[in-house]
Amino acid sequence: MTAQPQRPAFGSLLTSHMAVASFRDGRWSGMEVKPVGPIEISPAAHVLHYASTCFEGFKAFRWKDGSIHIFRMDRHIERMRQSARQLVLPEPDPAQLREMVRAVIDRCREAVPEAPGALYLRPILFGTTANIGAAATPSAEASLLVLASPVWDYFAGGMKPLRILVDDANTRSAAQMGMVKTGGNYAAAMGPTLAARAKYQVDQVLFCPGGEVQETGAANFLLVREGQLLTRSLDSSFLHGVTRDSLITLARDQGYAVSERVFGVAEMLEWVKTGEAALSGTAAVLAGVGTLIYRGAEHRVGGGEVGPLTRELRARLVAIQQGEAPDTHGWFETV
Ligand code: COI
């Protein structure tokens, strides 16, 4: 077995520069690229009190010839605008946000890792109006930042099968907020996830409020078996993953019957007796589940290992992202 090189934990390393813009008097300022460093913010800033903030996460890949390509940036920018609308924050101008991302990559080109690494792009938007009484008033001012981080695997252990606690008691987010990529949803998942980690040594919690399978704290959830893929249909209660959408598209290309519908814990446990389960996300890519724990009982998924269909779907996506298979869906923008 070849030794894996030591790599920084996902997101722990930033590139040297970030892009910054601010919204004031009803308009966005021009953007500025500057060294990553502390930012000044009023202690009364809206975000610090009322959590008016959202973010995005997507990747740029360095292909074998050295060229750099951003994966589905347009979809991520649209999702950020949707999050901003739901949080009543000023919507980023898509052309400006795109330029900010391109400018950061351009400034930090040498920091884009070769495969299997990627440059993770992290735009964040937050309300800066200084008024601690503005609990029911939106922030009229905001900041938009784009950070970048050279990344490798999100789950330590790479393709190790994940242990997941099935939680039908807690909810990841308020029903109307699940589709919003906002820090509050991750904060809400933190307590149940840490408790589950301590009690069951799991990697993640799969939230199934009322017995309906939804998503984990940081990734969407998919069931796969020969020629079939099942995942929850889109509604406001969970994040509309761009990786989820990409995998569904690739599965359809392969002739899979893709079913997007609401399904319950009982059906999932039946499915995994012979089928596979996996988590999808920009960070997770497609990470196979080996064990589901429900009401104290362990259920092995397939043989308890990452299944062959999960591996194949992941490999198809990764091959496109790394420029080794054709981009037939027009998912890339070259920087
Ligand atoms: C992503 O997959 O981009 C995410 O947002 C996960 C993140 C919480 C690390």
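The values are calculated or read from the model by the stated rules, or taken from the named source; none is laboratory data. Here the structure is a predicted model, which means the values were calculated and not measured. Cβ placement follows ideal geometry from the backbone for every residue including glycine, while neighbour counts extend to all protein chains displayed. Remember, those area values only see protein heavy atoms, side chains included, never the ligands or the DNA or RNA. Shrake-Rupley method; radii C 1.70, N 1.55, O 1.52, S 1.80 Å.
For segment 50-94, a residue qualifies if it is within 15 Å of the ligand (Cβ to nearest atom), closer than 21 Å to P113 by Cα and of a type in the set (K, R), and the qualifying residues are K59, R72.
With (1) of a type in the set (A, V, I, L, M, F, W, C); (2) touching a helix residue (DSSP H, G or I) at 6+ places or on another chain (Cβ under 8 Å); (3) part of a loop (DSSP other than H, G, I, E, B) as the list, and F126 as the residue in question, which single condition is left unmet? If we test F126 against (1) of a type in the set (A, V, I, L, M, F, W, C); (2) touching a helix residue (DSSP H, G or I) at 6+ places or on another chain (Cβ under 8 Å); (3) part of a loop (DSSP other than H, G, I, E, B), just (3) comes out false. Residues that are within 16 Å of the ligand (Cβ to nearest atom) and not charged (D, E, K, R) were ranked within segment 4-26; the one that is nearest to R98 (Cα to Cα) is L14.
Among the candidates A278, A251, the residue that is open to solvent by less than 20 Å² (accessible area, probe 1.4 Å) and within 16 Å of the ligand (Cβ to nearest atom) is uniquely A278.
Among residues of segment 185-208 that are in contact (Cβ under 8 Å) with a residue 40 or more places away in the chain, none has a beta-carbon under 6 Å from a residue that is within 16 Å of the ligand (Cβ to nearest atom) and open to solvent by 70 Å² or more (accessible area, probe 1.4 Å) at least six positions away or on a different chain.
Residues in segment 265-312 that are of a type in the set (A, V, I, L, M, F, W, C), assigned to a helix (DSSP H, G or I) and within 18 Å of R232 (Cα to Cα): V265, A266, M268, L269, W271. Could you tell me whether any residue of segment 102-121 is under 20 Å from Y186 (Cβ atoms), in contact (Cβ under 8 Å) with a residue 24 or more places away in the chain, within 16 Å of the ligand (Cβ to nearest atom) and surrounded by 19 or more Cβ atoms within 10 Å (Cβ to Cβ)? Within segment 102-121, one or more residues are under 20 Å from Y186 (Cβ atoms), in contact (Cβ under 8 Å) with a residue 24 or more places away in the chain, within 16 Å of the ligand (Cβ to nearest atom) and surrounded by 19 or more Cβ atoms within 10 Å (Cβ to Cβ).
Restricting attention to segment 212-248, which residues are open to solvent by 20 Å² or more (accessible area, probe 1.4 Å) and more than 14 Å from the ligand (Cβ to nearest atom)? Passing the criteria: E212, R225, E226, G227, Q228, S233, L234, D235, S236. Taken over segment 160-178, the criterion of being among the aliphatic types (A, V, I, L, M) and closer than 21 Å to A196 by Cα is satisfied by L162, I164, L165, V166, A169, A174.
So, in segment 122-147, of the ones that are β-branched (V, I, T) and within 21 Å of R85 (Cα to Cα), which residue ends up most open to solvent (accessible area, probe 1.4 Å)? Result: T137.
Evaluate segment 16-38: report whether one residue or more is within 24 Å of G133 (Cα to Cα) and part of a loop (DSSP other than H, G, I, E, B). Taking every residue of segment 16-38 in turn, at least one turns out to be within 24 Å of G133 (Cα to Cα) and part of a loop (DSSP other than H, G, I, E, B).
Of the residues in segment 40-95, how many are open to solvent by less than 30 Å² (accessible area, probe 1.4 Å) and either modelled with pLDDT under 95 or assigned to a strand (DSSP E or B) (or both)? Of the residues in segment 40-95, 11 are open to solvent by less than 30 Å² (accessible area, probe 1.4 Å) and either modelled with pLDDT under 95 or assigned to a strand (DSSP E or B) (or both).
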